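Have a look at the structure below, then the notes.
The values are calculated or read from the model by the stated rules, or taken from the named source; none is laboratory data. Computed from a predicted model, the values in this text were never measured in an experiment. Virtual Cβ from ideal backbone geometry, glycine too; neighbours counted across all protein chains shown.
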Amino acid sequence: MKLDITLFGALPFRRVSKTAKRQRRTHLKKTAPTVVTCPNCGATVAPHRACTKCGYYKGKEVIKVNKEEK
Ligand SMILES: [Zn+2]
């Protein structure tokens, strides 16, 4: 009886060795998130986003931030 290859779908031709797997994964690493300093209040904020501490973006208050937490 001949095995029907369509039952299995796409499979790796051969096992990837530990070394090959680890060498491939040397390019996969976590990077620190990019942050900028808010020119209004000096807090560390995400770039191209309104400041979460003072609500300012491009020198204007664009969102209201609850300031009771100070
Ligand atoms: Zn700010």
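Below, the figures for the structure above:
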read-out	value
Output for segment 26-51, where each listed residue is among the hydroxyl-bearing types (S, T, Y) and assigned to a strand (DSSP E or B)	T37, T44
Residues of segment 8-38 classified as modelled with pLDDT under 90 and either at positive phi or within 16 Å of the ligand (Cβ to nearest atom) (or both), total	1
Considering residues of segment 8-40 that are surrounded by 10 or more Cβ atoms within 10 Å (Cβ to Cβ) and either of a type in the set (S, T, N, Q) or touching a helix residue (DSSP H, G or I) at 6+ places or on another chain (Cβ under 6 Å) (or both) only, the residue farthest from Y57 (Cα to Cα)	Q23
Test for I5: is it at pLDDT below 90, surrounded by 11 or more Cβ atoms within 10 Å (Cβ to Cβ) and at negative phi	no
